[in-house]
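As structure tokens, the structure follows; a few thoughts come after it.
The values are calculated or read from the model by the stated rules, or taken from the named source; none is laboratory data. None of the values given here were measured: they were computed from a predicted structure. We place every Cβ from the backbone using ideal geometry, glycine too, and count neighbours over all the protein chains shown.
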Amino acid sequence: MSLRTIAKKVIPITFVHWLRERGADFDKHFIRIFASSRLTSALYYLLFSREFGREQQSVLRGRIAYWRSLKAIEATCALLRRNTHRLEKGLIMKPRRASFAADYIAETVNCFRDAANAKSIDPSELQWAHDVLDEYFSVVKDTPKIAKARATWLDLHASLDVAMTRTNSVPYPYRELPESTVSAEQLQLLFQKRRSVRWYQPEKVPTEVIHKAFEMATLAPSACNRQPYEFYVVQDPKRAAKIANMAGGTVGFAEQITNLIVVVGDLKAYPMERDRHCIYIDGSLAAMQLMLAFETMQIATCPINWPDIEFRERLLAQELNLTAHQRPVMLLAFGYADPDGGIPYSAKKSSNILGRFIDHDHV
């Protein structure tokens, strides 16, 4: 029998609760001292709390993995995606500068070469980069740096290993977007229909339906189009319940979840700390679009908060074989709703509370 088990039997639970309350009260006053400056705040988390320890290590591991990924390009390349998107933004500027992207065009061309030679990158990603680079060199005015990159591009373009035909995956005017017949009222109805559903029928959602939803979710906006997330799908009922229970907040309904997605962000997409929150922003944007996509196919969903708690992080990392630079963003239960299952009313904040028109503050 462990000391912890013995302590639970010997120490009254009321005393444990009292001790926790006193500790919480002390912490409330204690943190005010350390919150006075960035230096003292850093000291607090160095000396008294390790709550940010996993995030700090994940960011560093992500930076290391980023640089390694450029030497062994796989199905996607964060640098190629980012720089291609930067070129696109330069191409659509009004007015467009005669010369732009001189500081990173050589890096982009070299990255394209490495990606093409790797043979493992997704063809659509390589095609997009190819077409944007081709468009860039067709309109840009040479500077010494750009001229050197152009020569490399022409040599590369002529090589048999990476010879490609342009498909016009390039920027286009707004007027060429497809017309949408969805009204504001219809969209609001979809939003109202999308509720957090916790009770499901036992059927599995077909793989083709899931992939169709993924295809719609991938259209969500993403910083520099890096899309630093993946959807881990679990459809074994026992495993889905096991993972759902890791999150907490699922007591009472986790055991009947048949279909589950874990949205996982990957810090490998970033070389700098400043972008560490992008996995949560981009992952959440995609998850919201995924939920709405499922709803159009009569598939109900329930986003499940993933708290940053050390032992829970370890459990999920072991279960899904995640690396140190992969971070869970949220869980997402989905499936065919039990028509008799209850839905929380969940009153939402009004637009007057949420909206703040800052220009009006200065009138």
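Quick notes on this structure:
- Here is the figure for segment 282-307: residues that are farther than 21 Å from Glu215 by Cβ and crowded, with 17+ Cβ neighbours inside 10 Å total 3.
- Of all residues in segment 211-238, those being touching a strand residue (DSSP E or B) at 6+ places or on another chain (Cβ under 8 Å) and free of Cβ contacts under 8 Å to residues at least 24 places away in the same chain number 0.
- For segment 206-248, the candidate set comprises residues that are under 22 Å from Asp308 (Cα atoms) and of a type in the set (S, T, N, Q); within that set, the residue that is surrounded by the fewest Cβ atoms within 10 Å (Cβ to Cβ) is Asn245.
- Residue count for segment 136-159, restricted to those that are outside any helix (DSSP H, G or I) and closer than 23 Å to Lys89 by Cβ: 4.
- Sole residue being touching an Asp or Glu at 6+ places or on another chain (Cβ under 7 Å) and either assigned by TED's automatic domain parsing to the domain that holds Thr301 or closer than 24 Å to Ala300 by Cα (or both), chosen from Ile257, Ile279: Ile279
- Restricting the first member to segment 177-195 and to residues that are closer than 16 Å to Ser346 by Cα, and the second to residues that are outside any loop (DSSP other than H, G, I, E, B), the beta-carbon pairs closer than 7 Å and six or more apart or on different chains are Lys193/Glu295; Arg194/Met291; Arg194/Leu292; Arg194/Glu295.
- Residue in segment 336-354 that is surrounded by 13 or more Cβ atoms within 10 Å (Cβ to Cβ), part of a helix (DSSP H, G or I) and of a type outside the set (Gly, Ala, Ser) present: no
- Within segment 213-244, considering residues that are of a type in the set (A, V, I, L, M) and assigned to a strand (DSSP E or B), the one nearest to Ile279 (Cα to Cα): Val233
- When residues of segment 249-281 are limited to those that are assigned to a loop (DSSP other than H, G, I, E, B), within 21 Å of the chain's Cα centre (by Cα) and not charged (D, E, K, R), the one surrounded by the fewest Cβ atoms within 10 Å (Cβ to Cβ): Met272
Conditions tested, residue by residue: (1) charged (D, E, K, R); (2) touching a residue at least 60 places away in the same chain (Cβ under 8 Å); (3) in a helix (DSSP H, G or I); (4) surrounded by 15 or more Cβ atoms within 10 Å (Cβ to Cβ).
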residue	(1), (2), (3), (4)
Tyr66	no, yes, yes, yes
Arg86	yes, yes, yes, yes
Lys89	yes, no, yes, no
Ala116	no, no, yes, yes
Gln127	no, no, yes, yes
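- Condition met for Leu290 (in a helix (DSSP H, G or I) and either assigned by TED's automatic domain parsing to the domain that holds Met216 or touching a His at 6+ places or on another chain (Cβ under 8 Å) (or both)): yes
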